[in-house]
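Every number in this text was worked out from the coordinates using simple rules, so none of it is lab data. Please read all numbers here as calculations on a predicted model, not as lab measurements. All Cβ positions, even for glycine, are placed from backbone atoms using ideal geometry, and neighbour counts span all protein chains on display.
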Amino acid sequence: MDIHERKDEEYVDIHIERRRFIWISVLVLIGLLTLVVLTVNKIRDLAERVVTPEEYRPTPEVYDIQGYPAASEKLFEEFLGRGDNRLRFALLEKFLQLHRVDKVVPPYELLRQGSDWLLVGEPPFAIPPMEQWGTMVDTLRVIQREIIPRIGPVVVLSGWRTPHYNGKAGGANASKHLHFCGVDLVPQHRFTRKQLLPVLRDIHKKSGKQWNMGLGIYSGIRFHVDTCGYRRW
C-alpha cells in the first residue's frame, strides 16, 4: 500500500513538473518574441534618427543644403503639374496664411518627403490629407518663436511623408512625419555640431513642455522638431 501511494505521488509530481516546464517555456517564448518586436522597432527608429549627408552631385533638380540633398523648386513645379496638386497646394498655402505661419519657411519645403527620395525610388514631394494640416501649425510656431530667434532661418529637409515612403526609408512606425507634425531641419547659417547641440537642448529645456515639443538631434547638424509629444533624443 505504501509503495502504491509513492508511485501515485511520483506520477503527480511528474505531471506538475511537466506543466511547470511548459508554462516556463511559453513565458520565455513570449519574452523572446516581445524582445524581437521591440528590437525591430528600435532599429527602425534609429534608422530614422541617424541621418548623415550622402554623396551626390547638385543639379537644378537637387539643392545642396549644408551637405544634404534636397529636392528643388524645379522638381516641385513639375510635381504641381500632376493631377490636382496645384489646387491642393494653393489650399494648403491659404490655410497656413490664415494661421499666420506661411512665412516661417517656404510652404513647399513642408512637402519634401525626405533627402533620400532618390535612393528609395519615391516622389520627392507629397501633400498630406487636409485633416492633418492643423498639426503643423504649432510646429511652425515653435520654429518661428523659439528656434529661428536662436539659430536663424532654417531649411526643411523632410516634412510630411506618405506611409509608403516612410516604410521604404526605414522610418519609425510612429513617426510624426506621418501626421504632418514633424519636420527635419538644418540651419541656413554655418554651425558646427558642437555649437548647435547646446542651443537646441537649451530651447527644449526652457520651452519644450510649453509646446509639447519633441526634439531629435541626428548626426551632423540635422535635427527634428515636432509638437506631438514632449521628449528628446
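Values computed for the structure shown
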read-out	value
Sites matching trypsin sites (Lys or Arg not before Pro) across segment 65-164 that sit in DSSP coil, with at most 11 neighbouring C-beta atoms within 10 Å	ARG82, LYS103
Where labels lie 7 Å past Cα in the beta-carbon direction, separation of SER207 and ALA90 in nm	3.4
Under 5 Å, built H, 5+ apart or other chain: amide partners of ILE65	ALA70
Stokes-Einstein D (µm²/s) once Rh is taken as the Kirkwood radius of segment 149-198 over alpha-carbon pairs, at 10 °C in 1.306 mPa s	128
Over 27 Å between alpha carbons, listed pairs LYS176/LYS205; LYS94/LYS168; LYS94/LYS194	LYS94/LYS168; LYS94/LYS194
Viscosity 1.002 mPa s, 20 °C: Kirkwood-radius Stokes-Einstein D of segment 55-191 over Cα pairs, µm²/s	141
Separation in nanometres of the label points that stand 7 Å from Cα toward Cβ, at ARG232 and ASN173	2.8
GluC sites (Glu not before Pro) lying in DSSP loop within segment 81-159, provided at most 10 other Cβ fall within 10 Å	none
Per-residue HN-Hα couplings for segment 184-201 [Karplus 6.51, -1.76, 1.60; θ = phi - 60°; Hz; x = Gly/Pro]	9, 10, 9, x, 6, 6, 6, 10, 8, 4, 5, 6, 6, 4, x, 5, 5, 5
Stretchable slack from GLN144 to ARG82, in nm (0.36 nm times residue separation minus alpha-carbon distance)	19.2 nm
Tail weight of P(r) past 15 Å, computed on alpha-carbon pairs of segment 99-166, percent	55
